[in-house]
1. Do we have R191 as within 22 Å of V117 (Cα to Cα), over 17 Å from the mean Cα position of the chain (by Cα) and among the basic types (K, R) here?
2. Considering the stretch 73-97 alone, what residues qualify as being surrounded by fewer than 24 Cβ atoms within 10 Å (Cβ to Cβ) and either hydroxyl-bearing (S, T, Y) or touching a strand residue (DSSP E or B) at 6+ places or on another chain (Cβ under 6 Å) (or both)?
3. For L199, state whether it is surrounded by 15 or more Cβ atoms within 10 Å (Cβ to Cβ), in contact with a strand residue (DSSP E or B) (Cβ under 7 Å, 6 or more places away or on another chain) and either farther than 19 Å from G19 by Cβ or of a type in the set (A, V, I, L, M, F, W, C) (or both).
4. Which residue is farthest from the chain's Cα centre (by Cα), if the candidates are limited to the stretch 196-221 and must be of a type in the set (S, T, Y) and assigned to a helix (DSSP H, G or I)?
5. Run L160 past the list (1) touching a Phe, Trp or Tyr at 6+ places or on another chain (Cβ under 8 Å); (2) part of a strand (DSSP E or B); (3) over 16 Å from G21 (Cα atoms) and report the number of the one that doesn't hold.
6. Looking for something at positive phi, assigned to a loop (DSSP other than H, G, I, E, B), under 15 Å from the mean Cα position of the chain (by Cα) and modelled with pLDDT of 95 or more - is there at least one such residue anywhere in the stretch 90-111?
Amino acid sequence: MSVLDGVTVAVLGGTGPQGRGLVRRWAAAGIAVVVGSRAAERAADTASDLADATGGDVRGLANAAAAAAADVVVLAVPWEGHADLARSLATALAGKVVVDCVNPLGFDQQGPFALDVADGSAAQQAAALLPESTVVAAFHHVSAALLDDPSVESFDLDVLVLGDDRDATDLVRALADAIPGMRGLYAGRLRNARQVEALTANLIAINRRYRAHAGIRVTDV
């Protein structure tokens with residue numbers, strides 16, 4: 001029996017580029033997915049589009065209802081709204097595995113750069129705001145453009161998964177493995193999420209310079 005059997009995943013920010021792409025891939029893999037958005041109507045429209053495109057089980061709900069309906073909840077929202085969303089859903093997210101893929105980044109004339117976060121990282125901020133949830137950091141380095149491109153059948157990258165609960169990190173690794181070509185790798189405790197989030201700035205710089213969609217591969221594992 002797969003660790004994902006019977007698991008429903010909600011993606012908050014599921015109408016945005018990365019969130020929509022993750023919904024597409026998990027729905028295509030046969031995982032039940034709920035699109036979460038501030039606007040229930042927008043979530044429903046996105047869910048309908050992706051259900052038609054993948055043949056998968058996809059529903060759309062407002063963020064709080066989506067969180068309540070799922071076993072695993074992915075935060076795929078802009079950094080600016082990260083704290084407010086987590087704080088507002090603390091009750092709905094209690095007892096659930098919360099996957100944080102938010103990258104606290106800034107942009108100026110010199111390009112992307114990592115922002116300082118008082119709690120250390122976005123994932124640690126989520127853990128502080130969601131004391132009754134199990135927070136795992138993952139999916140920071142996956143191209144949103146490739147995720148949501150139906151012509152891309154497989155990926156060539158590893159997903160770094162960080163957390164303090166073995167069962168939770170194994171579950172999130174399985175979510176990565178469910179997407180063709182991806183591999184979920186345990187990459188340390190949640191306290192190490194800062195450098196993983198910050199590395200996204202380097203990848204964006206690489207992508208801009210070489211017009212690519214660079215990801216991460218770990219050797220000898």
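1. Here the answer is yes, as R191 does meet what is asked.
2. Hits for the stretch 73-97 are S88, T91, K96.
3. Here the answer is no, as L199 does not meet what is asked.
4. Out of the qualifying residues, it is Y210.
5. It is condition (1) that L160 fails.
6. no
The values are calculated or read from the model by the stated rules, or taken from the named source; none is laboratory data. Because the structure is a prediction, the values reported are computed rather than measured. As a convention, Cβ positions derive from the backbone with ideal geometry for all residues, glycine included, and neighbour counts pool all protein chains shown.
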